[in-house]
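Let me begin by presenting the structure, written as structure tokens, before commenting on it.
Derivation of every value follows stated rules applied to the coordinates shown; laboratory data play no part. For clarity, every value in this text was computed on a predicted model and none was experimentally measured. Cβ placement follows ideal geometry from the backbone for every residue including glycine, while neighbour counts extend to all protein chains displayed.
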Amino acid sequence: MESGSITFAFFLIFSGAAVLASVALYTRQPILIAYIALGALIGPYGLGYVTDLNLLSDIAHFGIIFLLFLLGLDMQPQALIATMKKASWVAIFSSLAFFSIGYSVAWAFNFAHTEAIIIGAAMMLSSTIIGIKLLPTTVLHHRHMGEMMIGLLLIQDVIAIFVLLVLLSGDLGQFDYMILGKTVIALPIFIGISVLVVKYILLKLIKAFDRFHEYIFLLAIGWCLGMAEAAHLVGLSAEIGAFIAGISLATSPISQYIAINLKPLRDFFLVLFFFSLGARFDLSLLIDILLPAIVLATLILIFKPIIYYGLLRNVSERKPLAWDIGFRLGQISEFSLLIAYVAAGASLIGTEASHLIQATAIITFIVSSYIVIFNCMTPIAVSDRLRRD
């Protein structure tokens, strides 16, 4: 995508996505698969019509930020705190189990020790985008299952931040504990400041000018992106900043109006995210990592639901809920892709290890989407019985 051709690139992406999405819906396939397939088809390793993936990835990152902001708007702080106390043990023990699976498979296929550690770390996480995009907003976000899923994903986000801090130090053995300490101290201060700003500034502005819908829209976007950037500056992730921005507004009576009006904007950026996921993958390297990727993805898809089920049952969750959460979180994460990119950029892993993580992400994203769409309530289910918005 050369300078001045971003309009042409967007034309290809969204027109192509519309065509493939139509085919997917007529053939009763998950619509997310169409976006990934389009990226592989017209990206730099396919026909080469769209090549500036760094720009698209930066733009697509907004989709994740808005997704977390909308999640926060749908949550009540008291319920989330209570749920996270229970979810913390599940998240920690499940992460250790998934790390062991990733490390063992990487070691069995003769990857270096450092590469095996990073591959294991990438397997610990589940996808916020897949898990939440396929979760019915009005049906489940206010139920216990939605609260438990979000609690698990938020704790995993903290784990992902820790892993990225280690990788960004440039050496697994030279971690900067000052950075970690700064992050741990910054989180409660950040939350406190956001609550005060909402209480004494934002809510007063909303009350004064709530009849001007355009102003409320701009205020919400500014608050979301401002908190995301502030979180990044203090060592947290932009995603956590956006979530805190949303949950601090959740008690406002206008929160649902904001959530409804931002959904189209979120979906616009998420199309770009899944497109860039398919476009980033170098198909020419697939033959070198195909077998370990299939083995690793198969183990993740089998054992993630089972491990989540066992741990959730151990904290007294009902059987149907435990299985439902297990299948919805039965893939690896977009943070796993970020771990692969950062580790490869720091020369901690080679190209094959990076592509193993990427291939495993794509396989688990696709298969997990099929499992959820054909068996669970979701906004894009192919069955009318399961379709819930």
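Order these by the 10 Å Cβ neighbour count, fewest first: Cys376, Cys224.
Values: Cys376 19, Cys224 27.
By the 10 Å Cβ count, ascending: Cys376, Cys224.
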Within 10 Å, count the other beta carbons around each residue, average over each peptide in 235-244, 194-203, and list them highest first. 235-244, 194-203
What percent of all Cα-Cα pairs in region 6-375 falls in each 20 Å bin, counting up from 0? 29, 60, 11, 0
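Order these peptides, 210-223, 337-350, by their mean beta-carbon neighbour count within 10 angstrom, highest first.
Values: 210-223: 14.5, 337-350: 19.6.
Ranked by mean Cβ neighbours within 10 Å, highest first: 337-350, 210-223.
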Label Val234 and Leu291 with points 7 Å out from Cα along Cα→Cβ: what is the distance between them in nm? 5.0 nm
Taking neighbour Cβ counts within 10 Å as the exposure measure, how do Leu25, Leu73, Leu20, Leu356 sort from fewest upward? Leu25, Leu20, Leu73, Leu356
If the chain between Ser284 and Leu47 were fully stretched, how many nm would it gain, using 0.36 nm times the residue separation less the Cα-Cα distance? 84.0 nm
Cβ-derived FRET efficiency at R0 30 Å, Ile254 paired with Phe374, nearest 0.05: 0.25
